[in-house]
Every structure is written in structure tokens, then in C-alpha cells.
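Before any comments, here is the structure.
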Amino acid sequence: MTASITGSTPDNHLRDTDFPAGTLRVLQLTDTHLYADPIRTLLGVNTLDTFQQVIRYFRDFHWPLDALLATGDLVHDASPKGYKQIGEILSGFGVPVYCLPGNHDVPPVMREHLRAARVHTTAVMDQGAWRFVMLDSVKPGEEGGHLAPDQLELLDEALATGDRHTLVCMHHQPVDVGSAWIDTMAIDNPGPLFEIIDRHSHVRGILWGHVHQTFDARRGAVRLMSSPSTCVQFTPRQDDFQVDEEPPGFRLLALLPDGRILSEVVRVDEMPQGLDLASGGY
Ligand SMILES: [Fe+2]
């Protein structure tokens, strides 16, 4: 039987909340789309500028961070220089950083060059009461996503060999987000993914990037979440590609030791400079 997807209520004010001991405070940054050349732009926006703007905005919260998740499209041109640069920036957070590739990344190049202290491209990482499974949903040369047999086996094994609360992360959306154009670029084999997840009751959430917009829902007990890009946004619920006027953002997650997930999307207070709203393609 297919589980239905229902709305989820976003949490608020995580910055001002006291959490129980053992809670992991996690920052998701996604779809940074950096380039080797720091002056290059995506849809009129300098992606390095907005990335740094997002980081400054987050740092002003003084939220005591335990881990960072970077969920793909890290380097738009998949350049070694771009990966080196983002590795250094992410390492600067001083916490473990777990990274996975998106459709604009080239996974072997990313794994070779995204090397910096505390920055990991490993698929399974345990921290406190939680396990993070970082799946590679990239179909080489294509925009859409797919979970190859090795990724499905990896997930099944990661869930079978540990009973920690688990957050499963990937780049592409495993469910439709309601925009026809980008839902043609979702994971094309969600069936086997959910068959595995449904056999393991300790999966608490699935988190992704790719869609450059917020999505927050539940599928049974599993929370489903996507998040704004650190550069340009796509307007939700559109049949055709449309650039959104929303500013860049990020997601905060509080992963409680009892398995609950509290999570909130935060946007910076400035529109990105140079945004090309009339752009017809991405
Ligand atoms: Fe992206």
C-alpha cells in the first residue's frame, strides 16, 4: 500500500529554543552553485556573494552548530578549484560537514577535490543518537535523479546495521513537489527507496536540495523536507520554469535524542543583486 503524503507544520524560533542534552543542531546549505571563477553568475546572481551572505546571516544567530549538511549542486561547473574553495569555506564552520553531489556536480571530481578538515563525502556517518545516510542520486550527464542499485543497497545496509534515528539525504526530490517542470527531474525510481524505508522504523526524515524552494510534508512518520538554495530560487507550484523573488536561505534542524526532528527554513533579508527574473532557463 502506498503511504499518503500529508502537510507538515514547520517549526519556528529554533534560534531561541532550548533543546534537551544530546540534541544535534544541524545546518543544511544546498545548491550553492559556485564556479571556479568567483565573478561568474547564475541567472544574474553572483553565487559566491550570496553564499557568503547566507553564511554571515547564519553566523549572526550564534546558533551552536553540531553538523552541516551540503546537499548537492555545490559547484556549478564541477571544477576542482570550485570544490577546493567550497571545501575551505565549509571547513571554516568547525563542525563535521557531510556532503553529497547534485546534477551539476561530477561525483568523482567532487570526491577527489572536496577535501578539507572535517569535510566528508562518506555515505554513512554517525553522530550522537543519529545516523546520516548521504545518497548519490546523480545520473551522469542528466538533470533528473536515479538511485542506482549500489545506493539502494547502501541504504538498506545502513538501516539494517544500526538502530540510530536516521536522516536520509539526497539531492533530487523523491516525491513530487508540485512544479511540473522540476518534477520531471525527480528521482525516477522512488518505489525501491520507499520500499526500503518502509521496512525500517528508525528513519525519521528525508532531506533534499535541487528544487530551490521549501517543501515540508510527512509520509507516515517520516518528515520530508527540501530547502531554498543559497543563490537563486524557483517559484513553487509552477508548470514552467520561473525564477522566484524570494531571497536565499537555509534550513535549521534540531535532531532530538528521542528521534524527533524540529526544522525551520530561514531566509536572509536581502534579495540577491542582479537577479534575472525574466530568465527562461536554468
Ligand atoms: Fe541546483
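The values are calculated or read from the model by the stated rules, or taken from the named source; none is laboratory data. Note that the structure is predicted; figures quoted are calculated from it, not measured. Every residue, glycine as well, gets a Cβ built from its backbone with ideal geometry; the counts of neighbours run over all protein chains shown. Side chains included, ligands, DNA and RNA excluded: accessible areas come from the protein's heavy atoms. Shrake-Rupley method; radii C 1.70, N 1.55, O 1.52, S 1.80 Å.
Across region 84-91, rounded Karplus estimates of 3J(HN,Hα) from the backbone phi angles (6.51 cos²θ - 1.76 cosθ + 1.60, θ = phi - 60°) give 5, 5, 5, x, 5, 5, 5, 4 Hz, Gly and Pro being marked x. Here the mean projected area of the convex hull built on the C-alpha positions of the chain is 13.4 nm². Using the Cβ-Cβ distance between Asn189 and Gln273 with R0 = 51 Å, the FRET efficiency computed as 1/(1 + (r/R0)^6) comes to roughly 0.80. Residues considered: His202, His210, His171. Largest GNM mean-square fluctuation over the chain, using C-alpha springs under 10 Å, is found at His202.
The alpha carbon gyration tensor of region 20-152 gives principal lengths a ≥ b ≥ c with a/c of 1.5 or higher and a/b no greater than b/c, which makes the shape oblate.
For GluC sites (Glu not before Pro), the sites in region 80-167 that DSSP calls loop and that have at most 12 other Cβ atoms within 10 Å are Glu142. Across region 23-267, the mean sequence separation of Cα contacts (distance under 8 Å, 6 or more residues apart), normalised by length, yields a relative contact order of 20 percent.
Excluding ligands, DNA and RNA, what is the solvent-accessible area per residue of the chain at a probe of 1.4 Å, expressed in Å²? Don't skip to the answer; put the middle values down first.
Details: 11430 Å² over 282 residues.
Roughly 41 Å² per residue, with all protein chains present.
Apply the a/c threshold of 1.5 to the C-alpha gyration tensor of region 133-282 and tell me whether it is rounded, prolate or oblate. Judged from the Cα gyration tensor, region 133-282 comes out oblate (a/c at least 1.5, b/c at or above a/b).
Round to a whole number: what % of the accessible area of region 23-267 belongs to carbon and sulfur, probe 1.4 Å? Carbon and sulfur atoms account for 49 percent of the accessible area of region 23-267.
Here each label is just a point 7 Å from Cα along the line to Cβ, and for Gln238 and Leu152 those points are 3.4 nm apart.
Each Lys and Arg contributes +1 and each Asp and Glu -1, all at the Cβ; summed about the Cα centre of the chain, the dipole is approximately 760 debye. The phi-based Karplus calculation (6.51 cos²θ - 1.76 cosθ + 1.60; θ = phi - 60°) puts the 3J(HN,Hα) values of region 102-119 at x, 5, 8, 8, 10, x, x, 5, 4, 5, 6, 10, 8, 10, 7, 4, 6, 9 Hz, whole numbers, x for Gly and Pro. Based solely on its DSSP helices, what 222 nm [θ] is calculated for the chain when runs of n ≥ 4 H residues each add -39,500 (n - 2.57) and the sum is averaged over all residues, nearest 500 deg cm²/dmol? Mean residue ellipticity at 222 nm (helix-derived): -6000 deg cm²/dmol. Residue by residue, region 267-282 carries 3J(HN,Hα) couplings of 10, 5, 9, 10, 5, x, 5, x, 4, 9, 5, 8, 4, x, x, 10 Hz when phi is fed to the Karplus relation 6.51 cos²θ - 1.76 cosθ + 1.60 (θ = phi - 60°); x denotes Gly or Pro.
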